[in-house]
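The values are calculated or read from the model by the stated rules, or taken from the named source; none is laboratory data. Keep in mind that this is a model prediction, so the values were computed, not measured. Here the Cβ positions follow ideal geometry from the backbone for every residue, glycine too, while neighbour counts run over all protein chains shown. When the accessible area is computed, the model is the full protein with side chains, heavy atoms only, and any ligands, DNA or RNA have been set aside. Shrake-Rupley method; radii C 1.70, N 1.55, O 1.52, S 1.80 Å.
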Amino acid sequence: MATLNRRWIYARMLEGQLSASNFERRDEPAPQLRQGQALVRVRLVSIDPANRLYFAMQAYRPQLAPDDVMAGFGIGEVVESTDPRFRPGDLWHGDFGWQDYAVINSYDRHEYWHRCSEGYKESDLIGVLGITGMTAWFGVEEVLRPQAGETAVVAGATGACGSLIAQLLKLKGCRVIGIGGGPEKCRWLLDELGLDAAVDYRAPDMAAALHAACPSRVQLYSDAVGGDVSRAVLPLMGRGGRWYHFGNLSAYGDARPGAPAERHDSFMSDELRAHCRQEGLKPRFLLVFDHYCRRLEAEAQLARLLQDGRLVAPSTEIAGFEGLPGALIGAGGPGKIGKLNVRISSDHAASA
């Protein structure tokens, strides 16, 4: 009897807000292998802000079409192989999708698929030592290039990537102001990450509070949010400021198939655009896969910081295959901090 492969399918075109009706569970036998392939049983699925863009456009990967398996990066174990490069028992990171079993090929691009280093927790392999950590590490090292004593603002500082960037900037000797959603998350930024100040983006006086926390110029801005937050930060920056823009989370919920992608500067007023032109402020984008030739270098540095206790990698884990749609729709709930993942039972092995 064939092994059952549970799959969540993008079943109905996204028109309004993302809901459970956009997904449908469809089971089928696990794929059969050809030469040069491996069968991977997925253990942990990453829930990321970029998942919402997959419905509307190409973002890291091809755009989703109805009847596709829902896309998502994950950690999985090789359970069968027709190529000696894929050893049963090894853990791999890849674009496995929302399903129990996925196939990897010897000719797949290695930015999207790589064998995991041994000795690390799966939650770290998919988070701080995965795409999330690489986005933080290379953004700090290649774009922000911090100097001790500089003032940095980190938007989305309680998120998976923002929390790492904030800590890396502190380790470089910067004065770091984190932006989070709500008093509890702001307290966490101060008490757990040791940031110099925290600003609640939900507060009506957010812009004034940010200005008070930054009495001098802001030199560094880590921006994954856009919208009101960027409108408040950019006027505080001057010539020589570095603006790392790697996401536009405030607009993701409105992204729709066939609609024009929102520009990075669509939130700007004419006055703010004039300020950015005058001060030479331009966003610097970084596609993390362009730096994957240095992935192991960054992994080693981040792992050392974790082991030394100088870096923490918060994560939230939801249990169960059935929880995948709800995890993305609710993004882990209002109390979520750090990386969000869904654990798929490794014991699942039913028969079709």
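Taking region 3-26 as the range and being open to solvent by less than 60 Å² (accessible area, probe 1.4 Å), without any contact (Cβ under 8 Å) to a residue 60 or more places away in the chain and touching a helix residue (DSSP H, G or I) at 6+ places or on another chain (Cβ under 7 Å) as the test, only A11 passes. The single condition among (1) without any contact (Cβ under 8 Å) to a residue 24 or more places away in the chain; (2) open to solvent by less than 40 Å² (accessible area, probe 1.4 Å) that P88 does not satisfy is (2).
Filtered by the rule that a residue be out of contact with any His (no Cβ under 8 Å at 6 or more places or on another chain), within 30 Å of D68 (Cβ to Cβ) and not acidic (D, E), region 122-152 gives S123, G127, V128, L129, I131, T132, G133, T135, A136, G139.
A count restricted to region 27-42 and to residues that are over 19 Å from R85 (Cα atoms) and crowded, with 20+ Cβ neighbours inside 10 Å stands at 1.
Of A160, A197, all but one fail to be within 22 Å of P314 (Cβ to Cβ), open to solvent by 20 Å² or more (accessible area, probe 1.4 Å) and touching a helix residue (DSSP H, G or I) at 6+ places or on another chain (Cβ under 8 Å); the exception is A160.
One line per residue, one yes/no per condition, for (1) under 16 Å from the mean Cα position of the chain (by Cα); (2) over 26 Å from D290 (Cβ atoms); (3) in a loop (DSSP other than H, G, I, E, B):
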| position | (1), (2), (3) |
| --- | --- |
| Q32 | no, yes, yes |
| Q35 | no, yes, yes |
| Q58 | yes, no, yes |
| R61 | yes, no, yes |
| R85 | no, no, yes |
| G97 | yes, no, yes |
| A102 | no, no, no |
| G119 | no, yes, yes |
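Just one of the listed residues (I126, I131, I47, I75) is under 29 Å from S222 (Cα atoms), touching a Lys or Arg at 6+ places or on another chain (Cβ under 9 Å) and open to solvent by 10 Å² or more (accessible area, probe 1.4 Å), namely I47. Considering region 163-194, and only residues there that are within 21 Å of K336 (Cβ to Cβ) and assigned to a loop (DSSP other than H, G, I, E, B), the residue that is most open to solvent (accessible area, probe 1.4 Å) turns out to be E192. Checking R41, R52 one by one, the residue that is part of a helix (DSSP H, G or I), out of contact with any Lys or Arg (no Cβ under 7 Å at 6 or more places or on another chain) and either free of Cβ contacts under 8 Å to residues at least 24 places away in the same chain or within 30 Å of C161 (Cβ to Cβ) (or both) is R52 and no other.
Of all the numbered requirements in (1) open to solvent by 10 Å² or more (accessible area, probe 1.4 Å); (2) at pLDDT 95 or above, S106 misses one, and that requirement is (2). Selection of region 104-117 for residues being touching a residue at least 60 places away in the same chain (Cβ under 8 Å) and assigned to a strand (DSSP E or B) yields I104, N105, H114. Scanning region 287-315 for residues that are open to solvent by less than 60 Å² (accessible area, probe 1.4 Å), in a helix (DSSP H, G or I) and at pLDDT below 95 returns V288, F289, H291, Y292, R295. Kindly indicate whether G338 is at pLDDT 90 or above, exposed (fewer than 15 other Cβ atoms within 10 Å of the Cβ), more than 26 Å from G16 (Cα to Cα) and not polar (S, T, N, Q). No; evaluated as a whole, the condition is false for this residue.
Criterion first (at pLDDT 95 or above and not in a strand (DSSP E or B)) does W137 satisfy it? Criteria met by W137. Residues in region 316-334 that are in contact with a strand residue (DSSP E or B) (Cβ under 7 Å, 6 or more places away or on another chain) and of a type outside the set (G, A, S) were compared, and the one that is most open to solvent (accessible area, probe 1.4 Å) is E317. Residues being closer than 19 Å to N248 by Cα, crowded, with 17+ Cβ neighbours inside 10 Å, touching a Gly at 6+ places or on another chain (Cβ under 9 Å) and of a type in the set (A, V, I, L, M) are represented in region 55-69 by at least one member. Checking each residue in region 257-281 for being surrounded by 14 or more Cβ atoms within 10 Å (Cβ to Cβ) and either at pLDDT 90 or above or within 24 Å of the chain's Cα centre (by Cα) (or both) picks out P257, A261, E262, H264, D265, F267, L272, H275, C276, E279, L281.
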